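Here is the structure we will look at.
The values are calculated or read from the model by the stated rules, or taken from the named source; none is laboratory data. This is a predicted model, so every value here is computed, not measured. Every residue, glycine as well, gets a Cβ built from its backbone with ideal geometry; the counts of neighbours run over all protein chains shown. Accessible surface areas use protein heavy atoms only, side chains included; no ligands, DNA or RNA. Shrake-Rupley method; radii C 1.70, N 1.55, O 1.52, S 1.80 Å.
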Amino acid sequence: MVCRTIEKTATLLLAVACVAVSIAYTPEWEAVGLSHTCGWAQRFVFSFFHASLFHAVLNMWCLLSVVFLYPVSWLHMLIAYAIAVVTPACFAGTVPTVGFSVVYFALLGIVSFMMERKLYFHSCMGICLLTGFFIPQVNGLVHLYGYIAGIFVGFLMANRNGKGN
């Protein structure tokens, strides 16, 4: 198994930075969150801000779990971040959305083609995604968008590598 030291180290540093930002700084959500009217600068930063310390810790724990448990490369991470940046405004809602969850749901969609038990994996993900629609202040649409976009990218990458099934 390849160690993937660069990806793991970068993810650990990112996790520490996001949690530290949540402790030290509470921005105006309209200035940093993804919304119908946000500009490109907000699209590039909304993933790094979180509504609370608990939100930041939970998001970073999920991100670390994905990166440490699955064969995520730096290219996968970059594509997942790009998926988050280009989230359609219609999914953003009127209340600004913040958090790293779009990125890790996109990562999970990308790695779904590497799973042995694909039906089981997608069933578990479906339950997670569905749950997000019933929790107040959770934007289930951006989670769903990230996962579906990740699946699409994962499909293209798997077929490019001759591993599509």
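Which value, in Å², gives the accessible area per residue of the chain when a 1.4 Å probe is used on the protein heavy atoms?
On the way: 9160 Å² over 165 residues.
In whole numbers, the chain has 56 Å² accessible per residue.
If exposed means no more than 12 neighbouring beta carbons inside 10 Å and the site is in a DSSP loop, what's the longest run of the chain without any exposed trypsin sites (Lys or Arg not before Pro)? Mind dumping the intermediate values first?
Working: sites that count: R117, K163.
By the stated rule (loop sites, at most 12 other Cβ atoms within 10 Å), 1-116.
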> Of V138, M157, N59, whose Cα points farthest to the positive end of the dipole of the chain (charges on the beta-carbon: +1 Lys, Arg; -1 Asp, Glu; origin at the Cα centre)?
Replying inline: M157
>> Give the residue list of GluC sites (Glu not before Pro) in the stretch 1-93 that are DSSP loop and have at most 12 other beta-carbon atoms within 10 angstrom.
In response: E28
>> Quick one: 3J(HN,Hα) in Hz for the stretch 125-139, Karplus 6.51/-1.76/1.60 with θ = phi - 60°, rounded, Gly and Pro as x.
In response: 5, x, 5, 4, 5, 4, 4, x, 6, 9, 9, x, 6, 10, 8
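If I compute solvent accessible area with a 1.4 Å probe over the protein chains, what percent of it on the stretch 1-92 is carbon and sulfur?
Numbers: 3990 of 5160 Å².
The nonpolar share, carbon plus sulfur, comes to 77 percent.
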>> Compute the angle between helix 140-160 and the longest alpha-carbon principal axis of the chain, please, reported from 0 to 90 degrees and rounded to the nearest 10.
In response: 30
